[in-house]
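**Q** Below: one structure in structure tokens.
What follows is calculated from the coordinates using simple rules that are stated; it is not laboratory data. Treat the numbers as computed from the prediction; the structure is a model and nothing was measured. In this analysis, Cβ positions are derived from the backbone assuming ideal geometry, glycine residues included, and neighbour counts consider all displayed protein chains.
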Amino acid sequence: MYKVLNLYACLGGNRYKWTDCEVTAVELDPEAARLYQERFPNDKVIVADAHQYLLDHFQEFDFIWSSPPCPSHSRVRVSQKTRENFKFIYPDLKLYEEVLFLDNFFKGKYVVENVMPYYEPLIPAKKRGRHLYWTNFNLPNDIGERKGLSNMIEKGSIKQLSEFHDYDFTKYKGTQRLNKMARNLVDYEAGLTIFNVAKGLITRANREVPQLFDNL
């Protein structure tokens, strides 16, 4: 069985359509972890620091997906810097620690996903839609994100986001803002495409247009 580590798992947007795999999910928010377990009862769910868990357990898996927290990198921070009581913070460089670590020590396939930052990425990444992906395998230029995703992220209500992601976000009773959680969820079709490429189910050979693949 293909062993997968899903870090900063939240509610499992990326994981929703994965099949034929054994998934260990790590999430620090106990309420999000509870709902993830409810949504994916066959997954092993661990409430822990994903960054440390990666270091301690990376060798146990065939595929690792990591989506570290994005607020300290987001372009939104720059757009809000003139607001009263704006809190200045350093970008959280654990993102790049994980990319460097996985690229040099992990023998399987990996994905580290994050938002487009307000600075030039410190390590070159693959830009797809509104996100950056660091991987050790080629990604198709079209990763299958559904039409209307950008508009949904910018303007969608909780009800609309729930319908789009096929999940009722109002179940969540924790401390995170619902709209933030819902808008940060990875599109499940993109998650499926990337997962299938990593497993070798989608390759240059079985794509009709080879140019769909690109190193960057």
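**Q** Starting from the exponent 0.38 and prefactor 2.2 Å, build the expected Rg for the stretch 1-100 from its residue count and divide its actual Cα Rg by it. Present the calculation step by step, with values, prior to reporting the outcome.
**A** Numbers: Rg = 15.6 Å, N = 100, 2.2 N^0.38 = 12.7 Å.
Working it through for the stretch 1-100, the quotient is 1.23.
**Q** Grab the beta carbon distance between S150 and S72, set R0 = 30 Å, and tell me the FRET efficiency rounded to 0.05.
**A** Numbers: r = 22 Å, r/R0 = 0.73.
The formula returns an efficiency of 0.85 here.
**Q** Would you mind putting 34-46, 183-195 in packing order, based on average other-beta-carbon counts within 10 Å, highest first? Before the final figure, lay out the partial values.
**A** Working: 34-46: 16.6, 183-195: 21.3.
With the highest mean Cβ count within 10 Å placed first, the list reads 183-195, 34-46.
**Q** Sticking with this structure for a sec: If I take R0 = 35 Å and measure r between the Cβ atoms of Q59 and T19 in this structure, what FRET efficiency does the formula 1/(1 + (r/R0)^6) give, to the nearest 0.05? Could the numbers behind the result be given before it?
**A** Numbers: r = 24 Å, r/R0 = 0.69.
Result of the calculation: an efficiency of 0.90.
**Q** As an exercise, take the mean of 1/r over every pair of distinct alpha carbons in the stretch 79-144, invert it, and state the Kirkwood radius in angstroms. If you can, show how the numbers build up before the last one.
**A** Working: mean 1/r = 0.0727 Å⁻¹.
Here the Kirkwood hydrodynamic radius works out to 13.8 Å.
**Q** For the ranges 67-76, 145-154, 7-16, what's the packing order if you count other beta-carbon atoms within 10 Å of each residue, average per peptide, and put the highest first?
**A** On the way: 67-76: 17.2, 145-154: 13.2, 7-16: 23.7.
Result, highest mean Cβ count within 10 Å first: 7-16, 67-76, 145-154.
**Q** Please find the FRET efficiency linking N179 to S79, where r is the Cβ-Cβ separation and R0 is fixed at 22 Å, and quote it to the nearest 0.05.
**A** E between N179 and S79, to the nearest 0.05, is 0.85.
**Q** Any idea what the dipole of the chain comes to, in debye rounded to 20, about its Cα centre with Lys/Arg Cβ at +1 and Asp/Glu Cβ at -1? If you can, show how the numbers build up before the last one.
**A** Values: 30 positive and 28 negative charges, 138 e Å.
The calculation lands at about 660 debye.
**Q** Return the calculated 222 nm mean residue ellipticity for the chain, to the nearest 500 deg cm²/dmol, obtained by summing -39500 (n - 2.57) across DSSP H runs with n ≥ 4 and dividing by the residue count. If you can, show how the numbers build up before the last one.
**A** Working: 8 runs with 69 residues, N = 216.
Mean residue ellipticity, 222 nm, calculated: -9000 deg cm²/dmol.
**Q** Please arrange K127, K87 by counting, for each residue, the other beta carbons lying within 10 Å of its beta carbon, fewest first. Could you put the intermediate results ahead of the total?
**A** On the way: K127 15, K87 8.
Least crowded to most crowded, the residues run K87, K127.
**Q** Also, quick follow-up: Given 10 °C and 1.306 mPa s, compute D for the stretch 49-117 with the Stokes-Einstein relation, Rh being the Kirkwood radius over Cα pairs; round to the nearest whole µm²/s. Show your work: numbers first, answer last.
**A** Values: Rh = 13.5 Å.
The diffusion coefficient I find is 117 µm²/s.
**Q** Separate question: So what's the chain giving for Rg/Rh, alpha carbon basis, Kirkwood Rh from the mean inverse pair distance? Show your work: numbers first, answer last.
**A** Numbers: Rg = 16.9 Å, Rh = 18.0 Å.
Taking Rh as the inverse mean 1/r over Cα pairs, Rg/Rh reads 0.94.
**Q** Excluding V4 itself, what net charge comes from residues whose Cβ is under 12 Å from its Cβ, given Lys and Arg +1 and Asp and Glu -1? Kindly include the intermediate steps, with their values, before the conclusion.
**A** Values: positive: K3, R15, K44, K109, K199; negative: D20, E22, D43, E60, D62.
Here the charged neighbours net out to 0.
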